[in-house]
Structures are given as C-alpha cells and as structure tokens.
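*Asks:* If you scroll down you'll find the structure; I have some questions about it.
The values are calculated or read from the model by the stated rules, or taken from the named source; none is laboratory data. The shown structure was predicted, so the numbers you read here are calculated from the model rather than taken from an experiment. All Cβ positions, glycine included, derive from the backbone under ideal geometry; neighbour counts span all protein chains shown.
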Amino acid sequence: MGVFYKGAGSAFSAGGDLAAFSQSALMSAPQHHQEGKANTELFRLGATVKKPLIAAVNGHALGGGCGLVAMCHIAIASETAKFGTTEIKVGLMPFVILPWIRRAVGHRKALEMMLTGDILSAQEAKEMGLVHRVVPADRLAEEAASLACTIAEYSPLAIRLGLDAFYTTEDMDLLKSMDYLNTLRVVSFLSEDLQEGASAFIEKRTPQFKGR
C-alpha cells in the first residue's frame with residue numbers, strides 16, 4: 001500500500017511556524033543546524049522510502065508543505081488547493097525543499113516560484129508538473145485511496161526495485177547506470193513475483209504477489 005500524506009482540516013500544510021521564525025535570533029547557530037537536520041531527514045524520505053508516497057492536497061500547500069507535495073511520488077489536488085514557496089515574503093528561501101521543487105517543475109519554474117513567492121492554483125500546479133491530477137474536493141480522498149489500492153495490487157518487490165532504480169541512477173554516469181539497472185533486472189527476473197505474475201497472466205487469474 002502507498003503511504004498517504006493528507007492534511008487535516010482545510011489545509012494540506014501551510015508551512016513553518018511564523019511565530020517561531022520571529023524568535024529565530026534567540027537560537028544559536030548549532031541549534032538552527034540541529035533543527036534543520038530534522039527537517040532534512042523528513043525530506044530524505046522521497047528518495048529512500050520503499051513504498052510510493054501519495055499526496056492528497058486538500059487546501060493550501062505552502063513553503064514546506066509545497067515541498068512535501070513535490071517530494072511525493074504522485075500528487076493529487078482538489079480544485080481549491082493552492083501552492084507556493086512563499087518563504088521570500090518573510091525574508092527566507094526554500095532551502096531544504098529546493099531540490100524537490102526543482103525536480104518537480106524544472107529550473108526555470110523553480111526560480112520563478114522561489115523569487116516571487118506567488119501562490120498558484122491547482123490547475124497551474126498541474127500544468128507545471130507539481131501535481132499529477134486535479135479533482136473536485138469531494139472526490140479527493142476517494143481518488144487518492146483508489147490510486148493507492150491499485151498500486152497495492154502490484155508486486156511490492158517490483159515497486160521497491162523501481163524506486164531504487166529511479167533515484168539511485170538519477171545523477172549517475174550513463175554507462176554506470178546501465179550496469180546498475182541491468183543488475184536490478186537480474187534480481188527481477190529471478191524473483192518469485194515475476195514467476196507468479198507471468199503464470200497468472202497465462203492462466204488468466206489475479207496474481208498473488210509476495211514481495212520476493
């Protein structure tokens with residue numbers, strides 16, 4: 001099953017605590033660094049977690065919330081959702097989330113977002129690649145749950161290997177990446193799940209994957 005990110009109430013995630021930001025000068029550099037490490041660990045999940053991350057965005061996703069959306073493997077938004085890297089408006093930049101924003105929307109759009117702090121509609125977010133689907137608000141939970149259930153029917157091993165392949169080879173030398181991907185292919189071909197999937201297809205039945 002995929003891992004769900006869905007905000008409570010009318011917002012997905014409105015970003016950092018502005019009241020805490022106003023007291024930031026009272027903290028030492030080591031304290032800020034330690035706090036930043038905790039945030040960084042959260043945003044490492046997108047590249048290390050072994051299950052699909054699905055964002056169901058039901059309201060405002062600003063600052064770090066926008067970063068969470070960009071980090072998720074698949075993002076579905078309600079028609080009323082809003083997005084933005086609004087840190088510039090309070091004298092900050094989206095440092096920790098920048099790698100995910102840039103990967104989701106590209107260099108030029110990421111620069112525009114971080115320098116303007118503009119708040120984007122769900123449709124604008126879809127057009128730039130930040131979210132994959134936009135649905136009516138009353139169908140958001142149903143759409144996200146349906147997607148998660150569909151993915152859950154597939155081989156857990158294939159999904160783990162696929163996510164590994166996607167992120168591990170992203171910045172790898174082309175020839176090295178081909179060797180690495182061929183190794184993962186060998187693992188797949190020797191797996192019980194592939195044998196089960198092929199047999200089920202031939203026998204016209206639903207496969208029973210075990211993740212090995």
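*Asks:* Report, by residue number, each residue of segment 71-104 that is surrounded by fewer than 20 Cβ atoms within 10 Å (Cβ to Cβ) and without any contact (Cβ under 8 Å) to a residue 60 or more places away in the chain.
*Replies:* Answer for segment 71-104, where residues must be surrounded by fewer than 20 Cβ atoms within 10 Å (Cβ to Cβ) and without any contact (Cβ under 8 Å) to a residue 60 or more places away in the chain: Glu79, Thr80, Ile88, Lys89, Gly91, Met93, Phe95, Leu98, Pro99, Arg102, Arg103.
*Asks:* Does Leu194 qualify as being aliphatic (A, V, I, L, M) and within 18 Å of Ile151 (Cβ to Cβ)? Write out each step before concluding.
*Replies:* On the way: aliphatic (A, V, I, L, M): yes; within 18 Å of Ile151 (Cβ to Cβ): yes.
Judged against the criteria, Leu194 is a match.
*Asks:* Applying the selection to segment 139-198, what residues are aromatic (Phe, Trp, Tyr) and under 17 Å from the mean Cα position of the chain (by Cα)?
*Replies:* The first filter runs over segment 139-198 and keeps only residues aromatic (Phe, Trp, Tyr), leaving 154, 166-167, 180, 189.
If the condition is that a residue be aromatic (Phe, Trp, Tyr) and under 17 Å from the mean Cα position of the chain (by Cα), then Phe166, Tyr167 are the ones that fit.
*Asks:* How do the strands (runs of 3 or more DSSP E) wholly within segment 49-89 filter down when requiring 3 or more residues that are of a type in the set (D, E, K, R), under 17 Å from Ala141 (Cβ atoms) and under 13 Å from the mean Cα position of the chain (by Cα): which remain?
*Replies:* In segment 49-89, there are no strands (runs of 3 or more DSSP E) which contain 3 or more residues that are of a type in the set (D, E, K, R), under 17 Å from Ala141 (Cβ atoms) and under 13 Å from the mean Cα position of the chain (by Cα).
*Asks:* In segment 105-129, how many residues are basic (Lys, Arg) and touching a residue at least 24 places away in the same chain (Cβ under 8 Å)? So that I can check it myself, show each step before the final result.
*Replies:* Going residue by residue through segment 105-129, those that are basic (Lys, Arg) are 108-109, 126.
From what is left, the residues that are touching a residue at least 24 places away in the same chain (Cβ under 8 Å) are 126.
Count: 1.
*Asks:* A further question follows. Just checking, does segment 174-192 include any residue being in the same structural domain as Ser78 (by TED's automatic domain parsing), within 23 Å of Ala47 (Cα to Cα) and of a type in the set (Gly, Ala, Ser)?
*Replies:* As a first pass, look at segment 174-192 and keep what is in the same structural domain as Ser78 (by TED's automatic domain parsing): none.
No, every residue in segment 174-192 fails to be in the same structural domain as Ser78 (by TED's automatic domain parsing), within 23 Å of Ala47 (Cα to Cα) and of a type in the set (Gly, Ala, Ser).
*Asks:* Can you give me the number of residues within segment 78-103 that are among the acidic types (Asp, Glu) and farther than 17 Å from Gln123 by Cα? Spell out how you get there, then give the answer.
*Replies:* Within segment 78-103, the subset among the acidic types (Asp, Glu) is 79, 87.
Filter once more, keeping what is farther than 17 Å from Gln123 by Cα: 87.
Summing the residues that are among the acidic types (Asp, Glu) and farther than 17 Å from Gln123 by Cα in segment 78-103 gives 1.
*Asks:* Restrict the check to segment 164-174 and report whether at least one residue is more than 19 Å from Ile54 (Cα to Cα), in contact with a Lys or Arg (Cβ under 7 Å, 6 or more places away or on another chain) and in a helix (DSSP H, G or I). Quick ask: steps written out before the conclusion?
*Replies:* Taking segment 164-174 and keeping what is more than 19 Å from Ile54 (Cα to Cα), we get 168-174.
Pick out the ones that are also in contact with a Lys or Arg (Cβ under 7 Å, 6 or more places away or on another chain) and you get none.
Within segment 164-174, not a single residue is more than 19 Å from Ile54 (Cα to Cα), in contact with a Lys or Arg (Cβ under 7 Å, 6 or more places away or on another chain) and in a helix (DSSP H, G or I).
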